[in-house]
1. Would you check which residues across region 31-53 are more than 23 Å from ASN74 (Cβ to Cβ) and of a type in the set (S, T, N, Q) and list them?
2. Taking interchain pairs and intrachain pairs at least six residues apart, which have beta carbon atoms under 6 angstrom, with the first residue in region 23-47 and more than 19 Å from ILE7 (Cα to Cα) and the second exposed (fewer than 12 other Cβ atoms within 10 Å of the Cβ)?
3. State all residues of region 33-73 that are part of a loop (DSSP other than H, G, I, E, B) and surrounded by 12 or more Cβ atoms within 10 Å (Cβ to Cβ); if no residue qualifies, say none.
4. For region 10-32, what are the residues that are part of a loop (DSSP other than H, G, I, E, B), surrounded by fewer than 14 Cβ atoms within 10 Å (Cβ to Cβ), at negative phi and not hydroxyl-bearing (Ser, Thr, Tyr)?
Amino acid sequence: MNSQEIINNQSKSLRCHGIAWQDTTEPNGFGIPNEAMLVNIPYQFQISANEYGRVHGFFSENIFYIVWLDPDHNLYS
């Protein structure tokens with residue numbers, strides 16, 4: 001799948017959406033070097049219906065770079 005197919009997917013087992021940092025436990029973002037230049041929109045997605053947590057990262061072209069795995073849904077309190 002390309003990035004737009006993942007972002008627009010409405011399946012309950014692969015739901016992807018942008019991260020609004022101001023609503024999270026990490027208001028300063030990922031904290032990676034050169035983040036402003038690398039990350040256009042941060043995303044999170046789940047790989048099953050709420051069973052295994054979330055994967056957080058960003059797309060560059062059609063490649064998703066994983067920054068965090070969040071098995072306990074800690075990014076949003």
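1. Across region 31-53, the qualifying residues are ASN34, ASN40.
2. THR25/SER77
3. First, the residues of region 33-73 that are part of a loop (DSSP other than H, G, I, E, B): 33-34, 39-41, 46-53, 61-62, 71-73.
VAL39, GLN46, ILE47, TYR52, GLY53, HIS73, listed by residue number.
4. GLN10, LYS12, ALA20, PRO27, ASN28, ILE32
Throughout, read-outs are computed from the coordinates displayed, never taken from laboratory work. Note that the coordinates shown come from a computational prediction; the quantities given were computed from them, not determined experimentally. All Cβ positions, glycine included, derive from the backbone under ideal geometry; neighbour counts span all protein chains shown.
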